[in-house]
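Input: a single structure, listed below in structure tokens.
Derivation of every value follows stated rules applied to the coordinates shown; laboratory data play no part. Given the structure is predicted, the values throughout are model-derived calculations rather than measurements. Don't worry about glycine lacking a Cβ; one is built from the backbone with ideal geometry, like all the others, and counts go over all protein chains shown.
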Amino acid sequence: MKIAIVGGGPGGLFFARLYKRHHPDAVVRIFEQNPSDATFGFGVTLGGSSLGRIADADGEVAQRFSEAMVFDTEQKIHLNGEETVVEYAKPGGSIARLRLLAILRDSCRELGVDIAFDTRIASSAELTGYDLIVAADGINSTLRQEHAEGFGTRTRVLTNHFAWYGVGHAMTPNALVFRNAPGGRFVAHYYAYTPDMSTFVAECDDATWQTTGMNDMDDEQRRRMIEQVFEAELDGASLIENRSIWRQFPAVTNARWHHRNMVLIGDALRSAHFSIGSGTRLAMEDALALFEATTDAASVSEALDRFVTLRKPNRDQFGEAAERSFEWYERMERAMAQPVIDFTYDFLTRTGRVDDARLDSYAPSFARRYRESRLDCAS
């Protein structure tokens with residue numbers, strides 16, 4: 001088997017590692033458009049349940065991840081001067097994106113996977129002769145765009161605006177801060193991913209973007225505004241920029257997951273909105289399902305059909321949850337009118353995946369406080 005993987009992100013690297021590990025004679029080559037020393041990105045989240053699935057498939061890689069991760073069981077929800085702390089039954093984990101990629105790259109090289117950096121594949125015509133082409137090149141996938149009709153690609157650009165920053169110290173516990181400020185509504189989501197670094201995602205709705213004049217600012221002016229809005233949380237720290245471009249999120253879906261001998265995984269397949277924090281997880285689980293689909297398959301075509309059968313039910317559930325989540329954020333003005341306890345319950349149940357029964361096991365102490373608040377209101 002001769003396999004070309006376009007994109008050296010978590011999904012492409014993990015699939016390459018799994019396949020080469022079990023098929024050492026296969027030719028597996030990754031084409032990555034960025035240089036090997038690229039330093040883009042801050043921290044990403046990787047939940048405990050996902051880490052368990054990675055460990056089942058590749059215990060060595062999972063162990064390396066765990067040693068580099070920061071774990072947390074609490075999350076602060078802040079709404080206009082009021083806040084509550086949610087204690088989760090299971091820890092969540094974060095890791096520096098660059099460290100995660102380095103672990104995966106090293107683990108691929110150990111097995112003989114060839115990684116071609118500074119190599120942009122502009123067309124599938126450049127990959128003639130490969131039995132399988134894996135498009136793992138992210139939300140702006142060139143292969144998907146080239147064959148948009150074949151994949152049945154649809155893109156909806158959301159109205160909210162956002163940017164990713166870093167902060168040069170560990171901000172704990174991780175938090176979501178929703179704040180009415182002069183001119184509109186802002187959101188900050190921050191979490192530590194090393195003992196001395198944090199990710200800080202800032203967001204505002206489109207009305208705020210227009211009213212505050214952010215639409216006429218440059219990105220440096222926008223960063224300074226966010227530092228002012230969240231001055232209390234930053235406590236004098238400056239936001240660190242690294243491709244911190246303000247943009248709107250493209251919600252990408254594809255009616256067909258494979259076309260000819262090409263298959264989509266990760267954000268190339270269906271973009272994972274950052275509000276559910278599962279982009280890395282979904283890409284790696286896509287890779288795992290694709291690897292499992294190739295086992296004992298009589299042909300590439302059979303393997304790709306099997307991949308859809310194995311992965312689509314779970315992927316569709318997460319896609320629906322992500323859509324409910326970003327729709328909630330698109331209407332956050334209405335949500336922010338609630339008291340903080342009701343707001344937090346609304347936030348935790350926004351995706352439809354957490355009902356009252358699951359909330360009891362997911363965040364038991366908060367579930368109890370919420371029920372008590374309902375009884376107080378009724379009495």
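Given the convex hull of the Cα atoms of region 237-330, what is a quarter of its surface area in nm²?
For the Cα atoms of region 237-330, the hull's average projected area reads 7.8 nm².
Could you go through region 271-277 in sequence order and give the Karplus-derived ³J(HN,Hα) for each residue, using 6.51 cos²θ - 1.76 cosθ + 1.60 with θ = phi - 60°, rounded to whole Hz, and x for Gly and Pro?
5, 9, 5, 4, 6, 9, x
Which residues' amide hydrogens lie under 5 Å from the amide hydrogen of A116, considering only partners 5 or more residues apart or on another chain, with H built in the peptide plane?
For A116, the qualifying residues are I30, F31, E32.
Got the relative contact order for the chain handy, in percent, Cα pairs under 8 Å and 6 or more residues apart?
Numbers: 706 pairs, mean separation 77.2, N = 379.
Normalised by residue count, the contact order of the chain is 20 percent.
List the residues, sorted by chain then number, that are 5 or more residues from Y165 or on another chain and whose placed amide H is less than 5 Å from its amide H.
Correct list: F200, V201, A202.
Sort 318-324, 244-250, 279-285, 100-106 by packing, meaning the average of other beta carbons within 10 Å per residue, with the highest value first.
279-285, 100-106, 318-324, 244-250
Over region 136-274, calculate the relative contact order: mean separation of alpha carbon pairs under 8 Å at least 6 apart, over the residue count, as a percent.
Relative contact order for region 136-274 comes out at 36 percent.
Provide K2, K20 in ascending order of the number of other Cβ atoms located within 10 Å of each residue's Cβ, fewest first.
Listed from fewest to most nearby Cβ atoms, that is K2, K20.
Can you grab the distance from the C-alpha centre of region 1-69 to the C-alpha centre of region 89-142, Å, no decimals?
Using only Cα atoms to place each centre, the spacing works out to 7 Å.
Would you list R371, R222, R99 from fewest to most Cβ contacts within 10 Å?
Going from least to most buried by this count: R371, R99, R222.
Based on C-alpha coordinates, I'd like the Rg and Dmax of region 60-151, in Å.
Using the Cα atoms of region 60-151, the pair Rg, Dmax is 20.1, 60 Å.
Going by amide H atoms built from the backbone, whose H comes under 5 Å of the H on Y193, apart from near neighbours?
The list, which skips near neighbours in sequence, is S198, T199.
Sorted from fewest to most neighbouring beta carbons within 10 Å, what does the list T349, T45 look like?
T349, T45
Of all DSSP beta bridges in the chain, what percent run antiparallel (nearest 5)? Each step should come with its number before you reach the end.
Numbers: 44 of 64 bridges.
In the chain, DSSP labels about 70 percent of beta bridges as antiparallel.
With a/c under 1.5 counting as rounded, go ahead and sort region 94-192 into rounded, prolate or oblate using the C-alpha gyration tensor (a ≥ b ≥ c being the square roots of the eigenvalues; past the cut-off, prolate if a/b is larger than b/c, else oblate).
Oblate shape, in that a/c is at least 1.5 and b/c is the bigger or equal ratio.
So for region 161-240, what percent of the C-alpha to C-alpha distances run longer than 18 Å?
In whole percent, the share of Cα-Cα pairs in region 161-240 beyond 18 Å is 35.
Got a sec to turn the phi values of region 243-251 into Karplus ³J(HN,Hα) couplings, 6.51 cos²θ - 1.76 cosθ + 1.60 with θ = phi - 60°, whole Hz, x for Gly and Pro?
6, 7, 9, 6, 8, 10, 7, x, 7
Hey, which lysines would be in cross-link range of K20, C-alpha to C-alpha under 18 Å, not counting anything within fewer than 8 residues on its own chain?
Filter leaves K2.
Convex hull volume of the Cα atoms in the chain, per residue, in Å³?
In the chain, the Cα convex hull volume per residue is 140 Å³.
Return the equivalent ellipsoid semi-axes of region 261-379 as a descending list in whole Å, where each equals the square root of 5 times an eigenvalue of the C-alpha gyration tensor. Let's see the in-between values first.
Values: eigenvalues 299, 48, 17 Å².
For region 261-379, the ellipsoid semi-axes come out as 39, 16, 9 Å.
From the helices alone, meaning DSSP H stretches of at least four residues, give me the mean residue ellipticity at 222 nm for the chain, per-run term -39500 (n - 2.57), in deg cm²/dmol to the nearest 500.
-12500 deg cm²/dmol
Could you grab the relative contact order for region 67-143? Cα pairs under 8 Å, six or more apart, rounded to a whole percent. All intermediate terms of the calculation are to be shown ahead of the outcome.
Values: 50 pairs, mean separation 16.3, N = 77.
Computed value for region 67-143: 21 percent relative contact order.
Expressed as a whole number of Å, what is the distance separating the alpha-carbon centroids of region 324-361 and region 220-293?
21
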